[in-house]
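Below is one structure, written out as structure tokens, with a few remarks after it.
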Amino acid sequence: MTALIVNGTRREVAADPFAPLSDTLREGLGLTGTKEGCNAGDCGACTVLMDGAQVCSCLVSTAQAEGAEITTIEAQDPLLDRLRAAFLARGAAQCGICTPGMLMASFDLLRRNAAPDRAAVEDALGGVLCRCTGYLQIIEAVLDAAHGTVAAPFAGIAGSAVGAPLPRVDGAAKVAGTERYGADAAPAGALWLRVVRSPHAHARFTLGDLEAARAGLGLTAILSARDVPGRNAFGIMPDLKDQPVFADGYVRYRGEAVLGLLGAREDVAAVRDADLPVAWEPLPALHGVAAALAEGAPRLHDHAPRNVLVRGHLRCGDAEAAFATAAARTEGTFRTAFVEHAYIEPEAGFAEPGTNGAMTVAACTQAPVMDREETARVLGVPDEAVRIIPTACGGGFGGKLDVSVQPLLAVAARVTDRPVRMVYSRTESMASSTKRHPATLRARMAADADGRFTAFTLDGDFNTGAYASWGPTVANRVPVHASGPYRVPNVRNRTRAVHTNDTPAGAFRGFGVPQAAIATEALVDDLAERLGLDRWDIRRRNAIGKGDVTPSGQVLHASAGLSECLDALKPEWDEMLARVAAHNATHARHRLGAGIACMWYGCGNTALSNPSTMRITLARDGTITLFNGAVDIGQGSSTVIAQIVADALGVPIAVLRQVVGDTALTPDAGKTSASRQTFVSGRAAQDAAKALRARILALANAGDDARFALDGTRLAVSGADGMRVLELSRLNSDLTVEARYDPPTVPLDADGQGVPYATYGFAAQIALVRVDTTLGKVKVEEIVVAQDVGRAVNPLLIAGQIHGGVAQGLGLALMEEFIPGRTENLHDYLIPTAGDMPRIRIHLIEDPEPEGPFGAKGVGEPALVPTAPAILSAVRHATGVRMTEVPVLPHRLHERIGGGEPPPSPLPSLSFGAEPRQRGAK
Ligand code: FES
């Protein structure tokens, strides 16, 4: 037994002295508030205090911690409580998986320094990564806690929720460390599942005697393709289930699942690949689109002739004729890299078999109903036999739309008839999960002498990797958006999603639109330069707006506030340009640059039915419950939808209870993606709330403008003719209403003409960068955002979405490049830290969307799209160099600027499954 002093109490625990302290806290003592995101000291999610100083508890052995004072997020302390309140008030916790680590690092700081300045806070938080928030609200929260300026909790009254900066309804558990993520709970006695993955990008393999191996290794079972009881295939597209749960003699990418090891945790962890009877026959691998399209390249799938999974197309007008007569033309080829979601929570969950073929899977996910369908197919049972219970989701950004652990767990639980749990390692998560599609984009654009855009073409190849995932969605969304949020009468866009032997690419915040915007916005800058126009001016005179026709032939009838966004930015743009000019007049090496970019983004699926159903019940015990199938992955849908329901129903938000995401209890609200939940599910919730309100008023014979209030089971309805009191317990049944909303779209024809989306988000951003022209290093100093959100249901959460989108856009522009086998951890794959963040100012534009709830539309993806092109525009302004490849790593920019020794860049190659290097304790 090891004795630990945890939160002031001596605890005896049976633990391996070499086990990481984080593991002993979680598995030995049940203190799951301490999170494990990487087990390598890179993410800081496991930060605790040891003898008063912050440490990564994954880097401290249990033996090292013996006798030391350990303080975790579960500690009771007034200063920690003040920090918790500040985090809530500032919206500093989104998905919340980093929040315990952030709080402990902040706690450490404020105990040492009661009045830190901003730099000290950034420094103290520098070892904890957050992928959601962009850090700024966290920094403000720490400063608030230090300075005693924590805002009082919002006192909501009926009718005041929409538009109010309410703290998240699920925030208290996140700051207390009691939120339950995929790795935080499992049935007692659950077996552990570990997946053995392919070390080869393309190979055949044969399996030897697995039963002998199982017996020799002391495992409960070794699973392979032959153990899958139903169809050994899953995939996003209804007609394209191309990815096996376990590979069957053939693998198409490094990281593909081959075997499943089941047993005690320490036993499955101890197995080495060499212990298993797998004979590999490596095959030549197709890395990158060029190799896959080359003459004679092997065909990776029957469904993809010449490895082309799908093509997208849009045509309007006559682009070639317009180019021939244009006053100004430009073109370019642009390249983007694989980008990793880098959610701090690795995929995790458990499965528990029931009777008569039933299976319950609890896991982090963005799409519980799709998970149910996929899992049922793999098990060979009806959908109804499977129940998906979403755990809290520690970040998704599109990466948890595809199933990961769900079918693996379900197969394992079915085979053993026992509960099974698993947690991906960081390396496993990064090697096996989907990525943002690398793109090669050849684009052309033309304008007349007045700077009016006349033509645009794009030919885009997207590396969709070994399996289809969301490749078709990307290939179809990009042609619609690629010419940007501008009036362009002649457009011809073509895209291909191409299979390779690289990691599957899927959904990542924008579905290809961020890549396309990098090309388009660079061409807009080109045309401005050629015509002698200001970059703001050329965008303003071409900005699409109400009454205009999109390249898809859709008339924008409402909520198209790009011009207002640009107008809001104009004073700061002019001031920024003046500041840059003054600085650069006297500085040769460290130059400033100002950049600008715009974006539009269709909310919801592209030209497909996209429904959401919401249910609300007023029970006879006086409780109001929203059965909300929209999974909140940190973006705040549970809060925003509650605000919408509260005001539509006419009650204070505090009286609402919610059941979220459980497929056995909630109707299908669709997946959390494509910036659709506020718009689509919010509208369904609003309709349901209105219907319930009508039922209540009808019961009381009251008019539409009556108000009601609940006091236990007494419902008091006040109208023009006085007040009536209903005793709910006397009703025969609960009052239950359901509403379904499917945004109106029209399918696209062969030329991409139709109505792909019911509404679009619009935004513009300007960026100020400082470039060290000798080293090629770029520091983003300011981003100013103007975004048309229709109606700002919750400005606090919207600001958080925008900050987080800017952070991810900054990473896309300057630092993030996933290379299979080389950057499968969070120290070789770099994401922005607190110190990388620029100052951000936000102008919210509210051009109401008539279809949206209270006029609202989607926010999450639009926040990211313009950031990278705005930064590239600013780099070009500073250096004169038009960068056509992201990320703009220092050596790449240095090479383009020319001169001097380039900074070192090559990374060492990693072997698959190798443990990441450890940085050492903080
Ligand atoms: Fe920080 Fe999600 S809130 S990682």
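Where a number appears in this text, it was derived from the coordinates with a stated rule and is not lab data. Predicted model only: the values in this text are computed from it and were never measured. Quick reminder, even Gly has a Cβ in these numbers, built from the backbone with ideal geometry, and neighbours come from all protein chains shown.
A count restricted to region 205-247 and to residues that are outside any strand (DSSP E or B), aliphatic (A, V, I, L, M), more than 16 Å from residue 467 (Cα to Cα) and touching a residue at least 40 places away in the same chain (Cβ under 8 Å) stands at 6.
Let's see how each residue does on (1) among the aliphatic types (A, V, I, L, M); (2) within 22 Å of residue 683 (Cβ to Cβ); (3) surrounded by fewer than 20 Cβ atoms within 10 Å (Cβ to Cβ):
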| position | (1), (2), (3) |
| --- | --- |
| 764 | yes, no, no |
| 767 | yes, no, no |
| 787 | no, yes, no |
| 790 | no, yes, no |
| 805 | no, no, no |
| 827 | no, no, yes |
| 836 | no, no, yes |
| 846 | no, yes, yes |
| 861 | no, yes, no |
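Residue-level check: of (1) closer than 25 Å to residue 757 by Cβ; (2) surrounded by 23 or more Cβ atoms within 10 Å (Cβ to Cβ), residue 463 misses just (1).
Restricting to region 170-189, give me the number of residues that are more than 19 Å from residue 389 (Cα to Cα) and either surrounded by fewer than 18 Cβ atoms within 10 Å (Cβ to Cβ) or away from the ligand (no atom under 14 Å from the Cβ) (or both).
Step one: of region 170-189, the residues more than 19 Å from residue 389 (Cα to Cα) are 171-172, 175-177, 189.
Next, only the ones that are either surrounded by fewer than 18 Cβ atoms within 10 Å (Cβ to Cβ) or away from the ligand (no atom under 14 Å from the Cβ) (or both) stay: 172, 176, 189.
The qualifying residues number 3.
The residue pairs whose first member lies in region 323-345 and is over 19 Å from residue 289 (Cβ atoms), whose second member is within 16 Å of the ligand (Cβ to nearest atom) and assigned to a strand (DSSP E or B), and whose beta carbons are closer than 9 Å, counting only pairs six or more residues apart or on different chains, are 345/181; 345/392.
With the requirement that a residue be touching an Asp or Glu at 6+ places or on another chain (Cβ under 7 Å) and closer than 15 Å to residue 796 by Cα, what does region 147-177 give you?
Here is the first cut: in region 147-177, the residues touching an Asp or Glu at 6+ places or on another chain (Cβ under 7 Å) are 150, 159, 161-162, 170, 173, 177.
Matches in region 147-177: 150, 161, 162, 170.
Tell me, which residue of region 848-859 that is charged (D, E, K, R) and out of contact with any strand residue (DSSP E or B) (no Cβ under 8 Å at 6 or more places or on another chain) is surrounded by the most Cβ atoms within 10 Å (Cβ to Cβ)? Filtering first and then ranking leaves 849. The residues of region 394-446 that are part of a loop (DSSP other than H, G, I, E, B), over 25 Å from residue 827 (Cα atoms) and in contact with a Pro (Cβ under 6 Å, 6 or more places away or on another chain), listed by number, are 417, 419. Taken over region 691-729, the criterion of being outside any strand (DSSP E or B) and buried (at least 16 other Cβ atoms within 10 Å of the Cβ) is satisfied by 691, 692, 693, 696, 697, 699, 700, 702, 706, 713, 728. Taking the criterion of being within 28 Å of residue 844 (Cα to Cα) and of a type in the set (Gly, Ala, Ser), the residues of region 802-823 that qualify are 804, 805, 807, 809, 811, 813. If you check residue 77 against the conditions, is it without any contact (Cβ under 8 Å) to a residue 12 or more places away in the chain, surrounded by fewer than 18 Cβ atoms within 10 Å (Cβ to Cβ) and within 22 Å of residue 128 (Cα to Cα)? Judged against the criteria, residue 77 is not a match. The residue of region 80-100 that is farthest from the ligand (Cβ to nearest atom), among those that are more than 20 Å from the chain's Cα centre (by Cα) and among the small types (Gly, Ala, Ser), is 85.
Collect the residues in region 746-778 that are under 19 Å from residue 578 (Cα atoms) and not β-branched (Val, Ile, Thr), keeping them in residue-number order.
So the first thing to find is which residues in region 746-778 are under 19 Å from residue 578 (Cα atoms), and the list is 765-771.
765, 767, 768, 770, listed by residue number.
Mind telling me which of the residues 678, 666, 736 ends up being hydroxyl-bearing (Ser, Thr, Tyr), assigned to a loop (DSSP other than H, G, I, E, B) and at negative phi?
Values: 678 fails: assigned to a loop (DSSP other than H, G, I, E, B); 736 fails: assigned to a loop (DSSP other than H, G, I, E, B).
Exactly one of 678, 666, 736 is hydroxyl-bearing (Ser, Thr, Tyr), assigned to a loop (DSSP other than H, G, I, E, B) and at negative phi, namely 666.
Scanning region 816-844 for residues that are within 25 Å of residue 786 (Cβ to Cβ) and not charged (D, E, K, R) gives 832, 834, 837, 838, 840, 842, 843, 844. For region 807-814, check the following and say yes or no: at least one residue is more than 30 Å from residue 101 (Cα to Cα) and surrounded by 24 or more Cβ atoms within 10 Å (Cβ to Cβ). Within region 807-814 (the criterion being more than 30 Å from residue 101 (Cα to Cα) and surrounded by 24 or more Cβ atoms within 10 Å (Cβ to Cβ)), the answer is no, since none of the residues qualifies.
Which of the residues that make up region 119-143 are outside any loop (DSSP other than H, G, I, E, B) and more than 10 Å from the ligand (Cβ to nearest atom)? Walk me through how you get there before you give the answer.
In the first step, residues of region 119-143 are kept if they are outside any loop (DSSP other than H, G, I, E, B); the result is 119-124, 136-143.
Matches in region 119-143: 119, 120, 121, 122, 123, 124, 136, 139, 140, 141, 142, 143.
The set of residues in region 101-118 that are touching a residue at least 40 places away in the same chain (Cβ under 8 Å) and more than 15 Å from the ligand (Cβ to nearest atom) comprises 107, 108, 111.
Which is more than 16 Å from the ligand (Cβ to nearest atom) and out of contact with any helix residue (DSSP H, G or I) (no Cβ under 6 Å at 6 or more places or on another chain), of 322, 410, 363, 328?
The match here is 322.
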